[in-house]
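> Mind having a look at this structure? Questions to follow.
The values are calculated or read from the model by the stated rules, or taken from the named source; none is laboratory data. Remember, it's a predicted structure, so these values are computed and weren't measured experimentally. Every residue, glycine as well, gets a Cβ built from its backbone with ideal geometry; the counts of neighbours run over all protein chains shown. Heavy atoms of the whole protein, side chains included, go into the accessibility calculation; ligands, DNA and RNA do not. Shrake-Rupley method; radii C 1.70, N 1.55, O 1.52, S 1.80 Å.
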Amino acid sequence: PPHLLHVFPTFCPAGPQVRTVTLMHGWGASYRHTIVACDNRTEASELVSVAGGTGGAGGVEVTYRRFAPGSGPMSAVRFFRDLITEVKPDVLATYNWGAMDAVLAAKSMGFGAHVHHEDGFNADETKGLKGRRNWTRRISLRSSEIIVPSAKLEGIALKTWRLPRVHLIPNGVDAELFARDGAKGTAFRERFDIPRDAFVIGTVGHLRPVKNFGRLIRAAARAKFPDGLRPHVVIVGDGAERARLEAVASECADRIRVTFTGHTSDLVPADSA
């Protein structure tokens, strides 16, 4: 079957990673996959094991390669040139700015079967896009297929980066799965010791600075609720910011309760359906 080489900045369980794992399981044995995480974090591999297995189990064949460049300013590009030469993928799939060394490696080799995904920006570009990064994308991605999930990113890719092959594919969410269901809500509250009469403010995401979950906690703590209404913030997800956010929650403990569930692979537990 065709072989896809995926290069992620990180393979922690966040939006692009979960989406890719879902696609992998949908494709089943129709494709083979090699995954490289540029920070060598591969916690999202647990999702592959749960849903479809690794190494061919469940119809999904996945190999993980460690990112180990040498020294020097172009070492990462050389690493990916060597990797592409070795594994000979049919398609290279890269994800966001953190995978740009793999993009440059493919371009320098004339490797044309390339799909690049842009899902958003980190904290260092919240106030404006960096000019050098814009020019790098404009030059290195002109012959690539570009996938974006929002109209905002589509406009940036077309107007700022001036890329000719941009495809808008919105992230799909089956809203029916999250329809109000007393049994599911009760099971979730019992699992995480959330009072039945609590007014829950819930959010789901990767705990990193750009998400700014600390603002949500502080805003909920400052908000005025009707007498007797017990506010309770529930944060579903995990990441490097968790310890700092737990400290923020402790600061607000006299006004609001906060629960961190950690990463949850199944947001709609089958046993409570």
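> Filter segment 206-218 for residues that are outside any helix (DSSP H, G or I) and surrounded by 17 or more Cβ atoms within 10 Å (Cβ to Cβ); which is modelled with the highest pLDDT?
Leu207
> Same structure, new question: Taking the condition exposed (fewer than 12 other Cβ atoms within 10 Å of the Cβ) and in contact with a helix residue (DSSP H, G or I) (Cβ under 8 Å, 6 or more places away or on another chain), does Arg132 pass?
Criteria not met by Arg132.
> Mind checking which residues of segment 68-84 are open to solvent by 80 Å² or more (accessible area, probe 1.4 Å) and modelled with pLDDT of 95 or more?
Arg78, Arg81, Asp82
> Being of a type in the set (A, V, I, L, M, F, W, C) and within 15 Å of Ala198 (Cα to Cα) is the filter here, so list the residues in segment 224-252 that pass it.
Correct list: Phe225, Leu229, Val233, Val234, Ile235.
> Do the conditions hold for Thr186, that is, is it of a type in the set (Ser, Thr, Tyr), surrounded by 12 or more Cβ atoms within 10 Å (Cβ to Cβ) and in contact with a strand residue (DSSP E or B) (Cβ under 7 Å, 6 or more places away or on another chain)?
So Thr186 does not fit the description; no.
> Okay, next question. For segment 219-273, what are the residues that are closer than 25 Å to Gln17 by Cα, modelled with pLDDT of 85 or more and assigned to a helix (DSSP H, G or I)?
Correct list: Arg242, Ala243, Arg244, Leu245, Glu246.
> Here's another thing I want to ask about it. How many residues does segment 17-52 hold that are more than 15 Å from His263 (Cβ to Cβ) and open to solvent by less than 20 Å² (accessible area, probe 1.4 Å)?
The total comes to 9.
> Could you tell me which of the residues Arg65, Arg19 is of a type in the set (D, E, K, R) and in a strand (DSSP E or B)?
Exactly one of Arg65, Arg19 is of a type in the set (D, E, K, R) and in a strand (DSSP E or B), namely Arg65.
> Just for helices (runs of 4 or more DSSP H) wholly inside segment 126-194: which have at least 3 residues that are modelled with pLDDT of 90 or more?
Of the helices (runs of 4 or more DSSP H) lying wholly inside segment 126-194, those with at least 3 residues that are modelled with pLDDT of 90 or more span 131-140, 151-155.
> OK, next. Please determine, by comparing only the residues of segment 234-254 that are crowded, with 16+ Cβ neighbours inside 10 Å and out of contact with any Phe, Trp or Tyr (no Cβ under 9 Å at 6 or more places or on another chain), which one is nearest to Leu207 (Cα to Cα).
Among those that are crowded, with 16+ Cβ neighbours inside 10 Å and out of contact with any Phe, Trp or Tyr (no Cβ under 9 Å at 6 or more places or on another chain), it is Gly239.
> How do the pairs read when you match residues in segment 29-40 that are under 16 Å from Ser75 (Cα atoms) with residues anywhere that are surrounded by fewer than 18 Cβ atoms within 10 Å (Cβ to Cβ) and among the aliphatic types (A, V, I, L, M), using Cβ under 7 Å and keeping only pairs 6 or more apart or on different chains?
none
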